[in-house]
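Input: a single structure, listed below in C-alpha cells.
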Amino acid sequence: MSGGLLVRPRIRPRVAVVLVYTAAMCMNGLDSTIVNPALFTIAGDFGRPVSAANTVETAFLVALALALPVAGWLGDRLGTKRVFLGALALFTAASAVCGLAPDLTTLVVARAVQGLAGGLLTPVGMTLLFRAFPPEERVRLSKVLIVPTALMPALGPPLGGFLTEHLSWRWLFFVNVPVGAAAVLFGAVALREHVEGTKAPFDRVGFLLATPALGLLTYALGFGPSQGWARPSVAVSAIAGTALLVATVAHQLRVREPLLRLRLLADRVYGAASALALVSAAGLMGVLFVFPLLYQAALGASALDAGLSVFPEALGLMLASQAVDRLLPRLGPRRLAVPALLLAGGVFAALAAPGVAENAWAVRGLMFAVGLVLGTAVLTIQIAGFEGIAPADMGQAMGLFQIVRTLGGAVGIAVCAALIGGHGVGFSDAGPYRVAVLV
C-alpha cells in the first residue's frame, strides 16, 4: 500500500504531460498543413485571388517565427506550465476567430495570432516532455513524438480536403476549439509548474535583432515565389532579414547571457541533429506542400483527392515510431538516421519520375515509404540530439531547435513554390511539380 502511494505521484505528472502535450501539439501540427487544400475554396468564398489567400499560411509562418526566439526565455523565467497553457488558450481562441472570420483580413490576423501562440507551444511543450523523462527513457517517447511532429502534418491535407469538401473550410479551425479547451482545463489541474529560476536579464538587443530577422526572412520565403523576388517588399525583407540574422549571430556569441544560446550548437551531437532537422523539415514540408497542388492544379483532382494523395505517409510514420523504438537502442542514432535519410532521397527521386504522379497506387506506395524512412530519421534525430543537453539548458535548446526546423520547413516550401510559381496556378503540365519534388 505504501509502495503504491510512493509510485502514484511520480507516474501521474508524466501521464498528464504526455496527454496535454499530445493534444496541443496535434492541434499545432495539423494547422501547419491542414489549410493547404482549402486555399482555393477560401479565395473563392471571399472573392479574392489565390495569391491573396496564400497570406493565410504566410501570416501563420511569419508569426510563428516571431515567437520562437523568446520561447525558451519565457518558459525558464515564468514557468513552463504557465507559458504553455497560456499559449494553448490563445491558440484555441484564435482558432475560433479564424472559423468565424467574416473576411480575409480577419482570417489573416487571427491566423497570425495562432502562429504567435504556436511558436511558443512547440518548444515549451517539448521542454515539458523532455524534463519529465530522463535521457535513458526518451526512446519510449517515439510513439508520442511521431504524432505531432510528423503524423499530424501528414494527416492535415486529407483532413483539410475532407472538411472543405463535405462541411466547410471553417471547420478546419473549429475542430481545435473543444480539444484546446479540454487540454487547457486538464493541464491547469494536472500539470506541475517548473520554473528554471533564471535570473539573467532579458536580452533586449538580441530580441530586437532576432525577432525581426526571423519574421522578415519567413516573409520573404513565403511571398518571394508567388510575388517575385524582385518585388520591393520581398527584396527588402530578404536583404534586411539576412543582415539582421548576421547581426543576431554576432551579438548572441558576444554577450554573456544571450537570448539564444547559439553555443549549444557546438555540441557535436546536438549541432548535427539541428543541421539534419533543417534538411529533413525542408524535405517533409516541401513534399506536403507540392503534392496537393500537383493533384489540383496539374491533374484536376478535388481538394479531398489532393489530401488523400499524401495520406499513406501517415501510415508509414506510425510504423516508423515502432521501428525507432526497437532499432535505436540496438543500432545507435548514426547507423539508423543516415541510411534513413539516404533512402528518403531515393524515394523523392522515384516520386519525381515521369508517370508516377498519374498512378494513384504508385503515389500511395511511395508516400508510405516517405513516412517510414523520413519519419525514422526525424524521430532518431529528435531523440538523440538532446541526450547530452543539461536540464537547465533544455528550454533554450528546444527553442533553438524549433527555429532551425521552422526555417527548414519555410525554405522547403519556398523552393518548391519558386519552381512551380512562375507557371500560374492553372498550369496543366506536371513537369515543374516533379522537379520541385526532386529538389
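No lab work stands behind these numbers, since they all come straight from the coordinates. Quantities reported herein were computed from a predicted structural model and do not represent experimental measurements. Cβ placement follows ideal geometry from the backbone for every residue including glycine, while neighbour counts extend to all protein chains displayed.
Can you tell me how much longer the chain between LEU262 and ARG231 gets when fully stretched, taken as 0.36 nm per residue apart minus their C-alpha distance, in nm with one decimal?
Working: separation 31, 0.36 × 31 = 11.16 nm, distance 3.24 nm.
That works out to 7.9 nm of additional length.
Using a basic spin-label model with each label point 7 Å from the Cα along Cα→Cβ, how many nm lie between LEU253 and LEU315?
Result for the modelled spin labels: 4.8 nm.
Taking a ≥ b ≥ c as the square roots of the eigenvalues of the Cα gyration tensor of segment 50-135, is the shape rounded (a/c under 1.5), prolate (a/b larger than b/c) or oblate? Before the final figure, lay out each step's value.
Values: a/c = 2.88, a/b = 2.22, b/c = 1.29.
It is prolate, given that a/c is not under 1.5 and a/b is the larger ratio.
Please report, for the Cα atoms of segment 202-293, the Rg to one decimal and the Dmax as a whole number; what are they, in angstrom?
Considering segment 202-293 through its Cα atoms, Rg and Dmax are 15.6, 47 Å.
So, by mean Cβ neighbours within 10 angstrom, what's the order for 118-125, 371-378 with the highest one leading? Don't skip to the end; give the middle numbers.
On the way: 118-125: 29.1, 371-378: 27.2.
The packing order, highest mean first, is 118-125, 371-378.
Cβ under 11 Å from LEU336's Cβ, LEU336 left aside: what net charge do those residues give with Lys, Arg +1 and Asp, Glu -1? Kindly include the intermediate steps, with their values, before the conclusion.
Working: positive: ARG326, ARG330, ARG334, ARG335; negative: none.
That works out to +4.
At what distance in angstrom do the alpha carbon centres of segment 18-41 and segment 53-93 lie from each other?
Here the two parts' Cα centres lie 14 Å apart.
At 7 Å along Cα-to-Cβ for each site, give me the label-to-label distance between ALA182 and VAL356 in nm.
Label-label distance for ALA182 and VAL356, simple model: 3.9 nm.
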